[in-house]
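Student: Just dropping this structure here.
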Amino acid sequence: MQDSDPIAAGAGTLLPAPLRRLAAWCALILLVSGVVYVGIRLCDEFRTAVVPVLLALLGTALLGPLHRRLVKAGVRRSVAAGLTCVAVVAVVGGAVYIVVAALIDTGDEIIASLKQAARGVSEHFGAAGTSLDDLASNARELLGKFGGSAASGVISGVSVVGESLAMAVLALLLVFFFLRDSDKATGALWALAPRGSADTLEAMARRAFHAVEGFMRGTTFIALIDALCITVGLLVLDVPGAAGLGALVFVGAYIPYLGAFLSGAVAVLVALADRGFVIALWVLGVVLAVQVLEGHVLQPMIQSRTVQMHPAVVMVAITAGASVAGVLGMLLAVPLTAAAFGVLQELRTRYGDQEPSPEPSTDS
């Protein structure tokens, strides 16, 4: 007698193919999310060691072409790496000195302009504006009231500065070693990779590093154009410290969106302090024009050739990086995302076309 129970008949059947694919993708997403979360937590716990390594990789990607040119010119690898690191210290140190000197020279003028602006607000808005004027005039009394918290903040700030300097020195040393021993990276990867996976890991590493290298090269080129345009504009408007403000724009360009906003705000404040409200508006117009040029011309032309990422992906990556590690996370988020996209592209190139082809139908 034939069994006609539908439950018993369906017990041995499998899920449909679309549901099996959906279940597999859900399991994969959960697994990857868990691994990423654990990796982020571990990186946060060991950030004093992880951050210098990441910064050193970014520096190596940026300085690699200069080091290779020196090696091709006949300079020994160690000497070339040392000269490259010395050049970086000279450029960064010079930019920091110029920026700090420009801000110190105009610091009193900026404070005086802010006080004058507060008085203007008090004249137009009465009591609401008077509180701003009182806040600017009685800053010393306010600092005296909160001296204890300020002292603790200074102590914590000193510890943060010390930790940052230590990480910067470690990152610079790692850049030297990464540049000097870059020719041995492939051999080390093949020695550490599991059997049969060395070729794939090497291709993924190369694609990720090329993506980071392209991002750093494109960002540097865009930052240089932004800094030159804003410096020329500040020189035409006769704003003091134009070179330092241009250097600040160049450094801030490595932090997408936020860096341009902060450097532009400093330029406007300096112009307001020394040249008045009208010139400050002109400086604001110059900064906005340069940002429009960057967003609509430079970014599509340059970054699209080096790192193919949609602006929405960039903004989401920056937000996620800021939520994890603050300003440092914003600095590292985009290049790390570019590296991840490079790895995904390599995997898609290798395994994306290996779907089983349908069997040809046979007509009897």
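The values are calculated or read from the model by the stated rules, or taken from the named source; none is laboratory data. Please read these numbers as outputs of a predicted model, since none were measured by experiment. Every residue, glycine as well, gets a Cβ built from its backbone with ideal geometry; the counts of neighbours run over all protein chains shown. Side chains included, ligands, DNA and RNA excluded: accessible areas come from the protein's heavy atoms. Shrake-Rupley method; radii C 1.70, N 1.55, O 1.52, S 1.80 Å.
Student: Quick check on segment 268-284. Is at least one of its residues in contact with a Cys (Cβ under 9 Å, 6 or more places away or on another chain) and either under 27 Å from Ala168 (Cα atoms) or at pLDDT below 80 (or both)? Even if it seems obvious, please write down each step before you answer.
Tutor: From segment 268-284, those in contact with a Cys (Cβ under 9 Å, 6 or more places away or on another chain) are none; that's our starting set.
No, every residue in segment 268-284 fails to be in contact with a Cys (Cβ under 9 Å, 6 or more places away or on another chain) and either under 27 Å from Ala168 (Cα atoms) or at pLDDT below 80 (or both).
Student: Taking Gly252 and the conditions (1) within 21 Å of the chain's Cα centre (by Cα); (2) modelled with pLDDT of 85 or more; (3) open to solvent by less than 70 Å² (accessible area, probe 1.4 Å), which numbered condition does it fall short on, given that it satisfies the others?
Tutor: (2)
Student: Of all residues in segment 176-200, which are open to solvent by less than 60 Å² (accessible area, probe 1.4 Å) and more than 21 Å from Arg77 (Cβ to Cβ)?
Tutor: Those that are open to solvent by less than 60 Å² (accessible area, probe 1.4 Å) and more than 21 Å from Arg77 (Cβ to Cβ): Ala193, Ser197, Ala198, Thr200.
Student: Open to solvent by less than 20 Å² (accessible area, probe 1.4 Å) and not aliphatic (A, V, I, L, M) - does that describe any residue in segment 222-239? Let's see the steps before the verdict.
Tutor: Residues of segment 222-239 that are open to solvent by less than 20 Å² (accessible area, probe 1.4 Å), as a first pass: 222-223, 226-227, 230, 233-234, 239.
Right, trim to not aliphatic (A, V, I, L, M) and you get 226, 233.
So far as segment 222-239 goes, yes, one or more of its residues are open to solvent by less than 20 Å² (accessible area, probe 1.4 Å) and not aliphatic (A, V, I, L, M).
Student: I need the full set of residues from segment 50-105 which are of a type outside the set (A, V, I, L, M, F, W, C), under 15 Å from Phe177 (Cα atoms) and assigned to a helix (DSSP H, G or I), in order please.
Tutor: Filtering segment 50-105 down to residues of a type outside the set (A, V, I, L, M, F, W, C) leaves 52, 59-60, 64-65, 67-69, 72, 74, 76-78, 82, 84, 93-94, 97, 105.
If we keep only those that are under 15 Å from Phe177 (Cα atoms) too, we end up with 52, 59-60, 64, 67-68, 76-78, 82, 84.
Across segment 50-105, the qualifying residues are Pro52, Gly59, Thr60, Gly64, His67, Arg68, Arg77, Ser78, Gly82, Thr84.
Student: Something else now. Has segment 175-195 got at least one residue that is under 20 Å from Ala95 (Cβ atoms) and not in a helix (DSSP H, G or I)? Let's see the steps before the verdict.
Tutor: Going residue by residue through segment 175-195, those that are under 20 Å from Ala95 (Cβ atoms) are 175.
Checking the rest, the ones that are also not in a helix (DSSP H, G or I) come to none.
Looking for residues that are under 20 Å from Ala95 (Cβ atoms) and not in a helix (DSSP H, G or I), one finds none in segment 175-195, hence no.
Every residue, every condition in (1) in contact with a helix residue (DSSP H, G or I) (Cβ under 8 Å, 6 or more places away or on another chain); (2) modelled with pLDDT under 90, yes or no:
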site	(1), (2)
Leu31	no, no
Val38	no, yes
Phe46	no, yes
Val53	yes, yes
Gly64	yes, yes
Arg77	yes, yes
Ala87	yes, yes
Ala90	no, yes
Ala95	yes, yes
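Student: Based on what the data block shows, is Leu245 open to solvent by 50 Å² or more (accessible area, probe 1.4 Å) and assigned to a helix (DSSP H, G or I)?
Tutor: Numbers: open to solvent by 50 Å² or more (accessible area, probe 1.4 Å): no; assigned to a helix (DSSP H, G or I): yes.
Taking the combined requirement at face value, the residue does not satisfy it.
Student: Since Glu109 meets every condition but one in (1) open to solvent by 60 Å² or more (accessible area, probe 1.4 Å); (2) at pLDDT 70 or above, which condition does it not meet?
Tutor: So the condition that Glu109 fails would be (2).
Student: Of the conditions (1) farther than 18 Å from Ala339 by Cβ; (2) open to solvent by 70 Å² or more (accessible area, probe 1.4 Å), Ser78 satisfies every one except a single condition; which number is it?
Tutor: (2)
Student: Please work out which residue is farthest from Leu54 (Cα to Cα), limiting yourself to segment 167-208 and to residues that are over 27 Å from the mean Cα position of the chain (by Cα) and of a type in the set (Gly, Ala, Ser).
Tutor: First, the residues of segment 167-208 that are over 27 Å from the mean Cα position of the chain (by Cα): 184, 187-188, 190-200.
Checking which are of a type in the set (Gly, Ala, Ser) leaves us with 187-188, 191, 193, 196-198.
Values: Gly187: 21, Ala188: 19, Ala191: 22, Ala193: 21, Gly196: 28, Ser197: 24, Ala198: 23 Å.
Top of the filtered list is Gly196.
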